[in-house]
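S.K.: Input: one structure, supplied below.
The values are calculated or read from the model by the stated rules, or taken from the named source; none is laboratory data. It should be emphasised that the depicted structure is a prediction, and the values quoted were computed from it without experimental measurement. Every residue, glycine as well, gets a Cβ built from its backbone with ideal geometry; the counts of neighbours run over all protein chains shown.
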Amino acid sequence: MVSRIGRGLSLLLCMAALSGVLCAQAGKTITIRVVDGKTGKPLAASGFLVRINHEETVHANWVVENEDGSGKLTLPEGASLLSIHVTYNASTLTYLNCDSASEKANPIDRWYSIPEILASGVVVPNSCVKPSSAAKFRPGSKPGEFVIFVRRKTTSEQFRE
């Protein structure tokens, strides 16, 4: 009798572990590339701060950093919009996203459609330079890729935070 209960509990435990693995694999995966908004050169991020669906919760642990500085973001089911900030110097210092750099007094978060990123890829706008300069180094993207332009914040921008 005891061995039957033990086998039943073991079987239940194995099924629960297997279902957790299958649920984790069912999530959507996006590659994040970070580009310097002033030079157009790739940047290696030290961290990614991800928010989904206009929620306030930041999920830094959803991104696995690749050797080239890009990131692999695995999203949960039900995620339809995302906002990303990138950190540098292995700290909580964040770059300024170039998609909102023109709003100097109060930059806002931009939200991007996850289905669009997965279907065709997204390159965020670069307002860190003049439009004629931005066109010179506009990288392409492929399905499942999110390319974000960033720049370091000025001293006064850091002070305002």
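S.K.: Do we have SER127 as within 19 Å of VAL50 (Cβ to Cβ), part of a loop (DSSP other than H, G, I, E, B) and either out of contact with any Leu (no Cβ under 8 Å at 6 or more places or on another chain) or among the polar types (S, T, N, Q) (or both) here?
M.R.: Working: within 19 Å of VAL50 (Cβ to Cβ): no; part of a loop (DSSP other than H, G, I, E, B): yes; either out of contact with any Leu (no Cβ under 8 Å at 6 or more places or on another chain) or among the polar types (S, T, N, Q) (or both): yes.
Answer is no for this residue.
S.K.: Report whether or not LYS72 is among the charged types (D, E, K, R), in contact (Cβ under 8 Å) with a residue 60 or more places away in the chain and either surrounded by fewer than 17 Cβ atoms within 10 Å (Cβ to Cβ) or out of contact with any His (no Cβ under 7 Å at 6 or more places or on another chain) (or both).
M.R.: For LYS72, the condition - among the charged types (D, E, K, R), in contact (Cβ under 8 Å) with a residue 60 or more places away in the chain and either surrounded by fewer than 17 Cβ atoms within 10 Å (Cβ to Cβ) or out of contact with any His (no Cβ under 7 Å at 6 or more places or on another chain) (or both) - is not met.
S.K.: Of all the strands (runs of 3 or more DSSP E) wholly in the stretch 41-110, which have at least 1 residues that are within 24 Å of THR154 (Cα to Cα) and within 9 Å of the chain's Cα centre (by Cα)?
M.R.: Working: elements: 47-52, 63-65, 71-75, 81-88.
Per the criteria, 47-52, 81-88.
S.K.: Every residue in the stretch 131-144 that is surrounded by fewer than 10 Cβ atoms within 10 Å (Cβ to Cβ) and either more than 26 Å from LEU81 (Cα to Cα) or more than 23 Å from the chain's Cα centre (by Cα) (or both), please.
M.R.: Of everything in the stretch 131-144, those that are surrounded by fewer than 10 Cβ atoms within 10 Å (Cβ to Cβ) and either more than 26 Å from LEU81 (Cα to Cα) or more than 23 Å from the chain's Cα centre (by Cα) (or both) turn out to be PRO131, SER132, LYS136.
S.K.: Next question. Report every pair of residues separated by at least 6 positions or lying on different chains whose Cβ atoms are under 9 Å apart, first residue within the stretch 132-161 and under 13 Å from LEU96 (Cα atoms), second assigned to a strand (DSSP E or B) and of a type in the set (Lys, Arg).
M.R.: Partner pairs satisfying both residue conditions: ILE148/ARG33.
S.K.: Please enumerate the residues belonging to the stretch 111-130 that are within 15 Å of the chain's Cα centre (by Cα) and free of Cβ contacts under 8 Å to residues at least 60 places away in the same chain. Outline the logic, then answer.
M.R.: First, pick out the residues of the stretch 111-130 that are within 15 Å of the chain's Cα centre (by Cα): 111-118, 121-124.
Listed by number, the residues that qualify are TRP111, TYR112, SER113, PRO115, GLU116, GLY121, VAL122, VAL123, VAL124.
S.K.: Condition check: assigned to a loop (DSSP other than H, G, I, E, B), in contact with a strand residue (DSSP E or B) (Cβ under 6 Å, 6 or more places away or on another chain) and either small (Gly, Ala, Ser) or farther than 23 Å from GLU56 by Cα (or both). Does PRO139 satisfy that?
M.R.: Taking the combined requirement at face value, the residue satisfies it.
S.K.: Using the structure shown, decide if SER120 is under 19 Å from LYS28 (Cα atoms), in contact with a Ser or Thr (Cβ under 9 Å, 6 or more places away or on another chain), at pLDDT 85 or above and not β-branched (Val, Ile, Thr).
M.R.: Against the criterion (under 19 Å from LYS28 (Cα atoms), in contact with a Ser or Thr (Cβ under 9 Å, 6 or more places away or on another chain), at pLDDT 85 or above and not β-branched (Val, Ile, Thr)), SER120 qualifies.
S.K.: Give the residue that is surrounded by the most Cβ atoms within 10 Å (Cβ to Cβ), with candidates limited to residues of the stretch 51-67 that are of a type in the set (Val, Ile, Thr) and under 16 Å from TYR112 (Cα atoms).
M.R.: Result: ILE52.
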